[in-house]
Amino acid sequence: MKTALVHEWLTPKATGGSELVVKEILELIDAQLYALIDFESSNPQSYLYGRKIGTSFLQHFPLSKNGVQKYLPLLPIAIEQLNLTEYDLVLSSSHAVAKGIITRPDQLHICYCHTPMRYAWDLTFDYLDRTSALKGFFARYILHQLRQWDVISANRVDYFIANSHHTARRIWRCYRREAEVIYPPVQVDEFPFEAQKSDFYVIVSRLVSYKKVSLIVEAFNKLGKPLVVIGDGPEFKSIEAIAKPNITLLGSVDDITLKKYLSSAKAFIYGACEDFGIAIVEAQACGTPVIAYKGGGALETVIDMETNPDTGTGVFFPSQTVDSLIDAVNTFENLAPHFRAENCLINAQKFSLKIFQDSYQGFVDQCLNRFSSK
């Protein structure tokens, strides 16, 4: 059986959870890889170095290596130009347009959906609020067209997989399609477990608006407690400008440094409403508890210490405000003496690589059996 795997983009800057899913699918299934753009097969540090990868016409556009999002109106057209007619099975790993690949009726298409296209849905008004009036007029039209295409292209998928129940609900809301929930793989065994914690808090995140890192910094400005911020992005300078001396901004760091801070922190802070949030699980694999916004995938990956004192792995704050986070940090400080690092590790192991491999392969086999019997 000839198999293709389609992802949005492969660049040295794209190293998140969706790219980890692509890597693990390729470990399980012998598939030809396709993407809108590819700058990883020429990157000696990448596991894809030297691999033949099919790409779209966007590969040759100026500055595409820095992100094809700037060509947003062209993404649906570009993904539809990838010719996969020679394959029996098409797998997609989609957080924007990869699911929109065109297939024949006798080809099976299974989509692992990390999120319905955020530009068209959840982040629409966040984007428009930061756009001038003239650009906003055209942006509204483009996003309207994208939403229409996004819903139509969902009908090209035979079976959906969601990375969390939160994402499955969003898939139903946007596309009216059911989705099997298979949590993404987390390299639990690669993170050092440490029961003894130091007296600082840590964030690991891209510094973009919806991650709410500026909100966390403002809260810790008031608390006066030590906070380490790991990550880079467009908000780095604005966050640096408001950060008080108790806050350390490290920018991007290597894996050894990242794991050292994650394992020794008193708690990991997370302010975004994520579809899953792999960093939350990685922190728990280190035995580090989590203080997270009470929404999204965090509700599936963190056990509330207030309601489950014997097995709890973190504390939630109910609204994305400075005061709400401050209250949660104070609650955590009161509960910290009762916290057990082993609970975090036990919880993190529910999202291990082995569980993903077994679940994903099992679901693909099940879909193949259903499809062949029709």
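Values in this text are rule-based calculations from the coordinates and carry no lab data. A quick note: this is a predicted structure, and the numbers were derived from the prediction, not measured. With ideal geometry, Cβ positions are generated from the backbone for all residues, glycine too; neighbour counts draw on all protein chains shown.
Observations
- Taking a ≥ b ≥ c as the square roots of the Cα gyration tensor eigenvalues, segment 235-368 comes out prolate, since a/c reaches at least 1.5 and a/b is larger than b/c.
- Summing +1 for each Lys or Arg and -1 for each Asp or Glu among the other residues whose beta-carbon sits under 13 angstrom from that of residue 285 gives -3.
- In order through segment 152-159: 3J(HN,Hα) via Karplus (6.51 cos²θ - 1.76 cosθ + 1.60), integer Hz, x for Gly, Pro: 4, 5, 4, 6, 7, 8, 7, 9
- Segment 42-194 shape via C-alpha gyration tensor axes, a/c threshold 1.5: rounded
- Estimated vicinal HN-Hα couplings, Hz - segment 187-202 in sequence order (Karplus 6.51, -1.76, 1.60; Gly, Pro = x): 6, 4, 6, 8, 9, x, 7, 9, 7, 8, 10, 8, 9, 8, 9, 9
- Of 99/266; 65/266; 13/294; 65/350, pairs whose Cα-Cα distance is over 32 Å: 99/266; 65/266; 65/350
- Summing charges over all other residues whose Cβ lies under 15 Å from the Cβ of residue 36, with Lys and Arg as +1 and Asp and Glu as -1, gives -1.
- Total charge dipole magnitude, segment 292-374, about the Cα centre, Cβ charges on Lys, Arg, Asp, Glu only, Debye to nearest 20: 540
- Amide proton proximity set for residue 249, modelled H, under 5 Å, gap of 5+: 229
- Here the Karplus relation 6.51 cos²θ - 1.76 cosθ + 1.60, evaluated at θ = phi - 60°, turns the backbone of segment 77-85 into coupling constants of 5, 5, 5, 6, 7, 6, 8, 10, 5 Hz, with x for every Gly and Pro.
- Counting only residues at least eight positions apart within a chain, or on another chain, the lysines with an alpha carbon under 17 Å from that of residue 222 are 212, 244.
- Whichever aspartates and glutamates have a C-alpha closer than 12 Å to that of residue 70, once near sequence neighbours (fewer than 8 apart) are set aside: none
- Most positive-pole-ward Cα, 329, 10, 138, against dipole of the chain from beta carbon charges: 138
- Charge tally for residue 270 (other residues, Cβ to Cβ under 9 Å; Lys, Arg +1; Asp, Glu -1): +1.
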